[in-house]
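Participant: The structure under discussion is supplied below as structure tokens; questions concerning it will follow.
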Amino acid sequence: MLKSQGKDPDARNAEPLLQYIHKLADIPALAKGLDWYIKKHHSRIVNLYSKEEEKKACVVWGIGILRKGIAEISEQD
């Protein structure tokens, strides 16, 4: 997630993250499982970057993008 984004929060691009998620379109059960894991461990994932505010903000943003992409897949199912 961090590697696909620059350091500028205004220049973030959701497309690389969505490309990964849309690969799961053929496996909706895996997408739902990934969504469950992200939702359950969201705070733990974000706390990994708690000392680095820029990275933390990027991870929070990225998690939101991933979950939106998974929701799109779930709607298609």
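The values are calculated or read from the model by the stated rules, or taken from the named source; none is laboratory data. Keep in mind it's a predicted model, so treat the numbers as computed, not measured. Here the Cβ is made from the backbone with ideal geometry for all residues, glycine too, and neighbour counts use every protein chain on show.
Participant: If I ask for residues that are of a type in the set (V, I, T) and under 12 Å from the mean Cα position of the chain (by Cα), which ones from the stretch 2-42 would you list?
Facilitator: The answer is I21, I38.
Participant: Give just the number: which of (1) touching a Ser or Thr at 6+ places or on another chain (Cβ under 9 Å); (2) at pLDDT below 90 does E53 not satisfy?
Facilitator: Condition (1) is where E53 drops out.
Participant: Among the residues of the stretch 13-25, is there at least one that is of a type outside the set (A, V, I, L, M, F, W, C) and assigned to a loop (DSSP other than H, G, I, E, B)?
Facilitator: yes
Participant: Next up: Are there any pairs with C-beta distances below 7 angstrom linking a residue in the stretch 12-25 that is surrounded by 14 or more Cβ atoms within 10 Å (Cβ to Cβ) to a residue that is aromatic (F, W, Y) and in a helix (DSSP H, G or I), with the two at least 6 apart or on different chains, and if so which?
Facilitator: R12/W61
Participant: Something else: Mind listing just one residue for me: the one in the stretch 8-50 that is over 21 Å from A71 (Cα atoms) and in contact with a Lys or Arg (Cβ under 9 Å, 6 or more places away or on another chain) and, of those, modelled with the lowest pLDDT?
Facilitator: Filtering first and then ranking leaves S50.
Participant: Related question: Could you count how many residues in the stretch 26-60 are without any contact (Cβ under 8 Å) to a residue 24 or more places away in the chain, charged (D, E, K, R) and not in a loop (DSSP other than H, G, I, E, B)?
Facilitator: So the answer is 5.
Participant: I would also like to ask the following. If a residue has to be more than 10 Å from the chain's Cα centre (by Cα) and under 22 Å from R12 (Cα atoms) to count, how many in the stretch 43-70 make the cut?
Facilitator: 14
Participant: Find the residue count for the stretch 61-77, including only residues that are surrounded by 12 or more Cβ atoms within 10 Å (Cβ to Cβ) and either of a type in the set (D, E, K, R) or outside any helix (DSSP H, G or I) (or both).
Facilitator: Here the count works out to 3.
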